[in-house]
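S.K.: Below is the structure I would like to discuss, written out as structure tokens.
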Amino acid sequence: MKKKHISLIALLIVIKSLAFANTNSLIADTLVHGKVLSDTDGKPVNAHGPGVMYHQGVYYLFGEIKNGKTWLVPGQNWEDYRVPAGGISCYSSVDLKHWKYRGVALKPTVNDPGSDLDTGRVIERPKVIYNERTKKFVMWMHIDKNDYNYSRGGVAISDSPVGPYRYLGSVKPNDQMLRDMTLYKDDDGKAYLVYSSEDNNTMHVCLLSDDYLKPTKTYSRIFENQKRESPAIFKNEGKYYLITSGCTGWSPNAASYAVADKVTGPWTQQGNPCKGLNAEVTFFSQGAFVLPVIDKPGRFIFMGDVWNKTDLERSTYLWLPLHVNNGKIEIYNP
Ligand code: DGJ
């Protein structure tokens, strides 16, 4: 009886470690270390400031298309490097390893300076979620002009995850600035925009309408005067985690993460989630998204951009496994 008991425990340990090894190899195969990430046609993935939506067994990756020559906007007191905005790309994958190019999900407009989507504008950090009630895919993104003072959230919808998305317009939520942003859909179906506001001094978390197309009046101010940007949010074991960067333009800086019991806060800063060599510059990247690996509770991928500020089209990516240990985030660059 005792012997039987021991072998059962041994069997359970073997099964558990096999499952862990599988998860590890999935994530390890998926990592991108500041190298060019190629799609299934061998072409470089052009999806910066990305977001990923998981829908019916498929991961959809959306990102900024950066196409053409980078130039420095004159008359700014910061390194305002710009590249033509090529719209939003879409890639899909079932294994997080092979990414198939699905085309331009949201097309830019050309020689149309009055349009939010003109190639001369800023179209950044697109994120997509699905609305079960309206059966529409909803994309939000940061829309701006060269000096980044337009600071609005643009919204587009589609019947299909890959697009084409129809642009509905842009808004300043509650008359407040919106720059770096992310979108979060909670388990109860409520969705929130999280964005740098008040001239990047303070972040806001704003509840969206039930169709996800409009900001509501319900919003909170978080990280007051902490000057944070590039928000990436996820939930683990009932707690919310929000990773942000400092505000140093295209140059890397130290990330910080905060924890909360509710999306709207209060949020408590916990310090830098990155560990080891070059942790103080997020391993030369800036966060954009945290991807929960489906069916692997507690396993996440931190997705960052490695900006090449003088040649933005050549910017690459850094995807790393993210672990939460006893409520604390740890990101290592192996
Ligand atoms: C940092 C932001 O996180 C990027 O998305 C971009 O807006 C640059 N600043 C512009 O300098």
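The values are calculated or read from the model by the stated rules, or taken from the named source; none is laboratory data. Since the model is a prediction, treat every value here as computed from it, not as a measurement. Virtual Cβ from ideal backbone geometry, glycine too; neighbours counted across all protein chains shown. These area figures cover heavy atoms from the full protein model, side chains too; ligands, DNA and RNA do not enter into them. Shrake-Rupley method; radii C 1.70, N 1.55, O 1.52, S 1.80 Å.
S.K.: Whole number please: convex hull volume per residue, Cα atoms of the stretch 44-332, in Å³.
M.R.: 123
S.K.: For q = 0.12, 0.16, 0.22, 0.23 Å⁻¹, what log10 I(q)/I(0) does the stretch 153-280 give under the Debye formula with an equal point scatterer on each alpha carbon and no solvent?
M.R.: Rounded to two decimals, the profile gives -0.48, -0.83, -1.33, -1.40.
S.K.: What Kirkwood hydrodynamic radius do you get for the stretch 41-81 when you take the inverse of the mean 1/r over all pairs of distinct Cα atoms, in Å?
M.R.: 13.1
S.K.: One-quarter of the Cα convex hull surface for the stretch 188-231, in nm²?
M.R.: For the stretch 188-231, the mean projected area of the Cα convex hull comes to 3.3 nm².
S.K.: Please list, ordered by chain and number, the residues whose modelled amide H lies under 5 Å from the amide H of ARG102; skip anything fewer than 5 residues away on the same chain.
M.R.: Here CYS90, TYR91, SER92 satisfy the definition.
S.K.: Quick one: give the max-minus-min coordinate of the C-alpha atoms of the stretch 239-329 along each principal axis, largest first, in Å.
M.R.: 40, 29, 26
S.K.: Keeping the other protein chains in place, figure out the carbon and sulfur percent of the accessible area of the chain, with a 1.4 Å probe.
M.R.: Roughly 53 percent, rounded to a whole number.
S.K.: Using a Förster distance of 35 Å, how high is the FRET efficiency between LYS97 and ASN146, based on the Cβ-Cβ distance and rounded to 0.05?
M.R.: With R0 = 35 Å, the Cβ-Cβ based efficiency is 0.40.
S.K.: Volume per residue, Å³, of the convex hull around the alpha-carbon atoms of the stretch 41-160?
M.R.: Convex hull volume per residue, Cα atoms: 118 Å³.
S.K.: To continue, here is another question. Using alpha-carbon pairs under 8 Å, 6+ residues apart, how would you state the relative contact order of the stretch 44-332 in percent?
M.R.: 12
S.K.: Another question, then. Which value at 222 nm does the chain reach when only helices count, each DSSP H run of 4 or more adding -39,500 (n - 2.57), with the total divided by all residues and rounded to the nearest 500 deg cm²/dmol?
M.R.: The per-residue figure over the chain is -3000 deg cm²/dmol.
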